[in-house]
Amino acid sequence: MKKLTLLLTLLTSTLTLAERIAIIGAMDSEIKILLSQMKDVKKEEKASVTFYKGKLENKDVVVFKSGIGKVNAAMSTTIAMEEYDVNKIIFTGVAGAINNNLNITDVVISDYLVQHDYDTTVFGTKKGAVPGSVDTKFSADETLIKIAKNSAEKVLGKNKIYIGTIATGDQFIADKATVQSLETTFGAWAVEMEGASVAHVANLYKVPVVVIRSMSDKADGSAHMNYNDFVTIAADNSAKIVMTMLTQM
Ligand code: SAH
């Protein structure tokens, strides 16, 4: 009996020690490089999302395409949390630039993330705040931010890398007025459609998260044209940063 208890204790501690990094992109282009480098891949489909479990740079990872928008991102992240013993989350992809310092293909690493379309202000809350919480923003993990910054500087050089707030909503932003209001209301540096919902789930599970976004456009009147021209190079920039991060984790 004693032996059995010991065995069970050992087994449980090994199980809880399992560590896997979830690496998420919203679109195929954002995870293409990662999938091409993966080893020992086991593919599983759950709720129409394909999860690729395996090794990248010798680290245990689960890589998946969440699909576009907050619901897709939140649902797939939750499945990853429940099914794959995830203890760190990295989101990789493209975004529209908000801050004037940014050029297309530059990179923003999240320190904070906000759901810019979350609005219960009529009840006296702040824009972005989820009822029940006073915070308007979700925070990214300091260690992951440092590793991301370090890796991004290695891949693209120091002058292309910024750390700032990333705003998320279920809209492709393509006008200057919205860009300005995202900057004044939230101090946002970049806008996209998934990051804050992934951070929301990660914060609820108390798992460290960071979002890395390379700029595909400037979220202005020409955003959709710039997006089409730059989505591939921007998506690749971000994925290469993740590959470098894995060598340092
Ligand atoms: N071409 C796609 C739609 C892309 S939506 C299709 O029709 O299938 C834009 C994607 O890139 C989202 O995943 C979002 O996170 C990011 N993104 C890039 N620029 C953006 C912008 N200006 N506003 C919002 N999201 C943006």
Exercise. Efficiency by 1/(1 + (r/R0)^6): what FRET value for Ser133 and Gln171, r their Cβ-Cβ distance, R0 = 25 Å, to the nearest 0.05?
Worked result: 0.65
Exercise. So for region 104-216, what percent of the C-alpha to C-alpha distances run longer than 22 Å?
Worked result: 31 percent
Exercise. So what's the back-of-envelope 222 nm ellipticity for the chain, counting only DSSP H runs of four-plus at -39500 (n - 2.57) apiece and dividing by all residues, rounded to 500?
Worked result: -13500 deg cm²/dmol
Exercise. DSSP beta bridges in region 48-160, what fraction antiparallel, as a percent rounded to 5?
Worked result: 100 percent
Exercise. Once label points are set 7 Å from the Cα along Cα→Cβ at both Glu142 and Glu82, what is their separation, rounded to one decimal in nm?
Worked result: 3.3 nm
Exercise. If each of Asp40 and Asp28 carries a label point 7 Å out from its Cα toward its Cβ, how far apart are those two points in nm?
Worked result: 2.8 nm
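Quick one: work out the % antiparallel among DSSP beta bridges in the chain, nearest 5.
Bridges in the chain that DSSP calls antiparallel: roughly 40 percent.
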For this session: Report, in degrees rounded to the nearest 10, the 0 to 90 angle that the Cα long axis of helix 2-17 makes with the longest principal axis of the chain.
Result: 20 degrees
Problem set entry | Cα→Cβ-extended label distance, 7 Å offset, between Lys59 and Thr247, nm | 1.3 nm
Exercise. What pairs from Lys70/Lys158; Lys137/Lys240; Lys88/Lys137; Lys59/Lys146; Lys158/Lys206; Lys53/Lys137 go past 21 Å between their alpha carbons?
Worked result: Lys70/Lys158; Lys137/Lys240; Lys158/Lys206; Lys53/Lys137
Exercise. In whole Å, what is the distance between the alpha-carbon centres of region 88-103 and region 110-139?
Worked result: 19 Å
Problem set entry | Tilt relative to the chain, helix 223-247 - C-alpha long axis, 0 to 90 degrees, to 10 | 30 degrees
Exercise. What residues from region 193-237 fall in the zone where the backbone N is under 19 Å from a label point 7 Å along the Cα-to-C-beta line of Asn101?
Worked result: 211-219
Exercise. Ranked highest first by the average count of other Cβ atoms within 10 Å around their residues, in what order do 33-44, 232-243, 169-180, 78-89 fall?
Worked result: 232-243, 78-89, 169-180, 33-44
For this session: At 10 °C and 1.306 mPa s, grab the translational diffusion coefficient of region 25-103 from Stokes-Einstein with a Kirkwood Rh over Cα pairs, rounded to a whole number in µm² per second.
Result: 118 µm²/s
For this session: Working from Cα positions, state the angle (0 to 90°, nearest 10) between the long axis of helix 195-205 and the longest principal axis of the chain.
Result: 40 degrees
Exercise. For region 31-180, rounded, prolate or oblate, judged on the Cα gyration tensor with a ≥ b ≥ c (square roots of eigenvalues), a/c < 1.5 rounded, else prolate if a/b > b/c?
Worked result: oblate
Exercise. Just how far, in whole angstrom, is region 234-249 from region 209-228 if you go by their alpha carbon centroids?
Worked result: 18 Å
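Here, each number is a calculation from the coordinates, and none is a lab measurement. Here the structure is a predicted model, which is why all the values come from computation and not from measurement. Note: ideal-geometry Cβ built from the backbone for every residue, glycine included; neighbour counts use all protein chains shown.
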